[in-house]
Amino acid sequence: MSSVQMQCTVCGATYELSPQYFCPRDKGELRIVYDYPAIRAQGTFHRESREKQETIERFAALLPLNRPDRVVSLGEGHTPLVRSRRLAERLGLRELYFKLESCNPTGSFKDRQMAVAISAASGWGRTRFATVSSGNAGVSLSAYCARAGTQAFVWVSEDTALPKRQQIQVYGARLFVFPGPRAHGVGAFRAFFNGLQDFALGNDIVPMVTARRVNPYIVEGSKTISFEIVEQLHRVPDRVFSPVGGGGLLGGLWKGFWELKAIGETDALPRMNGVQKSDYMASLPDVAAGRALGAGESEPLDGVWAWSAIQESEGRHWSASAEELDAAQGLLAREEAIFAEPQGIYGAAGLLKAAAAGTLDPRETIVCIITGHGLKDMAAAERFLAEGSAYPPVATVHSYADCREAVRT
């Protein structure tokens with residue numbers, strides 16, 4: 001076989017890399033597979049991951065790049081793996097780390113995905129890209145298209161945080177806003193997400209929704225988080241907590257750890273813990289069981305893949321309420337100086353629930369993925385500041401004399 005191919009998850013047919021996004025035989029979902037024995041024998045990944053500087057170049061042996069000379073990058077990756085001090089002590093954990101994907105160029109892990117998918121498409125001369133997004137994917141696509149000198153079309157709901165919408169426009173993308181699910185229900189939300197692939201391909205545009213079902217190249221970028229975690233820890237963590245939106249991040253993380261083992265770089269695998277916001281997307285167990293969507297639910301497009309990652313790794317599924325997310329957001333900022341947006345904090349909220357339930361082994365090495373920066377959604381920060389008694393009031397002063405009493409306490 002070639003060193004990298006596309007394989008249908010339904011019929012098993014394999015294809016050479018090309019700008020196709022579903023199986024032509026049965027319209028099945030495609031996944032990217034590699035010649036793992038050859039990579040292991042050649043030691044290619046080992047050499048590249050230590051000699052190259054750019055993330056895509058370092059991990060090229062396990063990425064679907066048809067033209068390495070046309071890589072589009074903004075320096076994504078190399079994000080910090082920060083060891084917890086105060087929160088680990090509070091939870092009784094020996095080794096807890098936070099992988100700060102909020103430190104990517106546009107403030108979220110989506111940059112890794114866009115870098116890989118746009119680099120692959122650029123190798124085939126594609127210049128028009130489109131996504132439907134809750135915000136971060138749209139911002140990232142807009143930035144990477146600006147970098148590449150290509151065109152971005154982005155659809156978001158009217159509920160999308162204003163700073164994200166403004167960032168999309170700043171990078172020069174064409175922005176379309178559709179009715180939001182809060183006031184109008186999830187119908188339009190579902191229709192735009194589910195219809196993007198057909199619309200884009202019918203108009204000579206690359207579909208860039210960050211789901212394997214829509215674009216099998218895009219989720220390959222998520223794996224580089226796993227590769228970096230192992231490099232930074234010098235071993236595989238025992239347990240990983242990851243947010244679950246559409247499910248592609250969790251699936252990609254698991255694929256990355258699995259591939260490292262397949263090529264002989266590691267001899268262990270972590271337990272994957274996927275954390276969803278309750279009353280938002282349909283739960284992964286329900287999706288896997290084929291249950292119909294509820295009236296207010298949206299489908300995580302990679303939900304079955306994410307659930308498979310949890311099951312195969314002997315991990316767990318968690319859900320977190322809006323109140324639990326607010327509490328986790330404030331706690332992480334105060335205890336660890338990590339300011340994450342609500343969508344970026346899901347993993348930490350699940351970690352807190354797991355600790356409260358007594359399901360964590362204090363001897364384990366645990367990594368929690370923080371996917372987006374808090375500055376992306378200041379309205380959410382204003383909400384938990386207003387509701388939290390943990391924060392001192394703001395004082396209006398006219399001189400330092402007015403401050404003496406406050407600084408004595």
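The values are calculated or read from the model by the stated rules, or taken from the named source; none is laboratory data. Fair warning: this is a prediction, and the values are worked out from it, not measured in the lab. Please note: Cβ atoms are built from the backbone with ideal geometry, for glycine as well, and neighbour counts cover all protein chains shown. Heavy atoms of the whole protein, side chains included, go into the accessibility calculation; ligands, DNA and RNA do not. Shrake-Rupley method; radii C 1.70, N 1.55, O 1.52, S 1.80 Å.
Annotation note: of 131, 127, the sole residue that is open to solvent by less than 10 Å² (accessible area, probe 1.4 Å) and among the β-branched types (Val, Ile, Thr) is 131.
For every residue, the table says whether it meets (1) assigned to a loop (DSSP other than H, G, I, E, B); (2) of a type outside the set (Val, Ile, Thr); (3) open to solvent by 50 Å² or more (accessible area, probe 1.4 Å).
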residue	(1), (2), (3)
268	yes, yes, no
275	no, no, no
286	no, yes, yes
291	yes, yes, yes
295	yes, yes, yes
300	yes, yes, no
304	no, no, yes
310	no, no, no
318	no, yes, no
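The residues listed here are 81, 65, 96; of these, the one that is open to solvent by 20 Å² or more (accessible area, probe 1.4 Å), under 24 Å from the mean Cα position of the chain (by Cα), modelled with pLDDT of 95 or more and not polar (S, T, N, Q) is 81. Looking across region 329-339 at every residue that is at pLDDT 95 or above and closer than 25 Å to residue 162 by Cβ, the one that is surrounded by the fewest Cβ atoms within 10 Å (Cβ to Cβ) is identified as 339. The residues in region 173-208 that are in contact with a Pro (Cβ under 7 Å, 6 or more places away or on another chain) and open to solvent by 10 Å² or more (accessible area, probe 1.4 Å) can be counted, and the count is 4.
When you look at residue 211, is it within 23 Å of residue 160 (Cα to Cα), touching a residue at least 24 places away in the same chain (Cβ under 8 Å) and surrounded by fewer than 24 Cβ atoms within 10 Å (Cβ to Cβ), yes or no? So residue 211 fails the test. Within region 138-147, is even one residue open to solvent by 20 Å² or more (accessible area, probe 1.4 Å) and out of contact with any Lys or Arg (no Cβ under 6 Å at 6 or more places or on another chain)? So far as region 138-147 goes, yes, one or more of its residues are open to solvent by 20 Å² or more (accessible area, probe 1.4 Å) and out of contact with any Lys or Arg (no Cβ under 6 Å at 6 or more places or on another chain).
Name the single residue that is most open to solvent (accessible area, probe 1.4 Å) among those in region 363-409 being modelled with pLDDT of 90 or more and of a type in the set (D, E, K, R). Filtering first and then ranking leaves 363.
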